[in-house]
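Participant: Following this message is one structure expressed as structure tokens.
The values are calculated or read from the model by the stated rules, or taken from the named source; none is laboratory data. Since the model is a prediction, treat every value here as computed from it, not as a measurement. Cβ sites come from the backbone with ideal geometry, for glycine too, and all protein chains shown count toward neighbours. SASA here: full protein model, heavy atoms, side chains in, ligands and nucleic acids out. Shrake-Rupley method; radii C 1.70, N 1.55, O 1.52, S 1.80 Å.
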Amino acid sequence: MEIASEQAPNRETTWSNDQRPRAEIIRDPRFVQADLLAQPRPMAAIELIAEEPVREVEGRLACCDGGGGALGHPRVWINLDEGKPESCGYCGLRFQMKPHHHH
């Protein structure tokens, strides 16, 4: 039986130095008698979050709470002074200050 060994349906490799490859994990003793075809195969969040557009905000600070109410994360403030998109440390959403036109 051939078992898919890519990390996720939308990602073939790991995205962190600390992450073990799936091909290595499925040989772990806790999976010896597990039905690997029945194991969850969620999409890799790192790829999904990259598809989200950068959110433009007024001002130098962005506020992020994950947008999920009780399913979100603690509210954090993100400094946007550098003029480039900045990511939320919890969920990865990106924010950037709207350009201001001076006359």
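Participant: Here is a list: Arg94, Arg41. Which entry is in contact with a strand residue (DSSP E or B) (Cβ under 8 Å, 6 or more places away or on another chain), at pLDDT 90 or above and basic (Lys, Arg)? Full working, then the answer.
Facilitator: Values: Arg41 fails: at pLDDT 90 or above.
That would be Arg94, the only listed residue that is in contact with a strand residue (DSSP E or B) (Cβ under 8 Å, 6 or more places away or on another chain), at pLDDT 90 or above and basic (Lys, Arg).
Participant: How many residues are in contact (Cβ under 8 Å) with a residue 24 or more places away in the chain and farther than 25 Å from Pro9 by Cβ when one looks only at the range 55-76?
Facilitator: Start the filter on the range 55-76 by keeping residues that are in contact (Cβ under 8 Å) with a residue 24 or more places away in the chain, which leaves 55-60, 62, 64, 66-67.
Then keep just the ones that are farther than 25 Å from Pro9 by Cβ; that gives 55-60, 62, 64.
Total satisfying the criteria: 8.
Participant: Looking at (1) touching a strand residue (DSSP E or B) at 6+ places or on another chain (Cβ under 8 Å); (2) modelled with pLDDT under 75, which one does Arg60 not meet, given that it meets all the others?
Facilitator: Unmet for Arg60, out of (1) touching a strand residue (DSSP E or B) at 6+ places or on another chain (Cβ under 8 Å); (2) modelled with pLDDT under 75: (2).
Participant: Mind checking whether some residue in the range 13-21 is of a type outside the set (Lys, Arg) and either in a helix (DSSP H, G or I) or touching a strand residue (DSSP E or B) at 6+ places or on another chain (Cβ under 8 Å) (or both)?
Facilitator: Keep residues of the range 13-21 that are of a type outside the set (Lys, Arg), which gives 13-19, 21.
Then drop every residue that is not either in a helix (DSSP H, G or I) or touching a strand residue (DSSP E or B) at 6+ places or on another chain (Cβ under 8 Å) (or both), which leaves none.
There is no residue in the range 13-21 that is of a type outside the set (Lys, Arg) and either in a helix (DSSP H, G or I) or touching a strand residue (DSSP E or B) at 6+ places or on another chain (Cβ under 8 Å) (or both).
Participant: To continue, here is another question. Cβ-Cβ under 8 Å, sequence separation 6+ or interchain: first residue in the range 77-95 and without any contact (Cβ under 8 Å) to a residue 24 or more places away in the chain and in a loop (DSSP other than H, G, I, E, B), partner among the aliphatic types (A, V, I, L, M) and open to solvent by 70 Å² or more (accessible area, probe 1.4 Å). Which pairs?
Facilitator: Every condition considered, the pairs that remain are Leu80/Leu61.
Participant: What number goes with the only condition from (1) on the phi < 0 side of the Ramachandran plot; (2) at pLDDT below 95; (3) open to solvent by less than 80 Å² (accessible area, probe 1.4 Å) that His101 does not pass?
Facilitator: (3)
Participant: Let me ask you something else. Scan the range 5-19 and give yes if some residue there is among the small types (Gly, Ala, Ser), surrounded by 12 or more Cβ atoms within 10 Å (Cβ to Cβ) and modelled with pLDDT under 90, otherwise no. Spell out the reasoning first.
Facilitator: Just the residues of the range 5-19 that are among the small types (Gly, Ala, Ser), to begin with: 5, 8, 16.
If we keep only those that are surrounded by 12 or more Cβ atoms within 10 Å (Cβ to Cβ) too, we end up with 5, 8.
Going one step further and asking which of them are modelled with pLDDT under 90, we end up with 5, 8.
Looking through the range 5-19, at least one residue is among the small types (Gly, Ala, Ser), surrounded by 12 or more Cβ atoms within 10 Å (Cβ to Cβ) and modelled with pLDDT under 90.
Participant: Further, regarding this structure: I'd like to verify a number: residues in the range 40-96 that are surrounded by 14 or more Cβ atoms within 10 Å (Cβ to Cβ) and among the small types (Gly, Ala, Ser), how many?
Facilitator: Adding up the residues that qualify gives 6.
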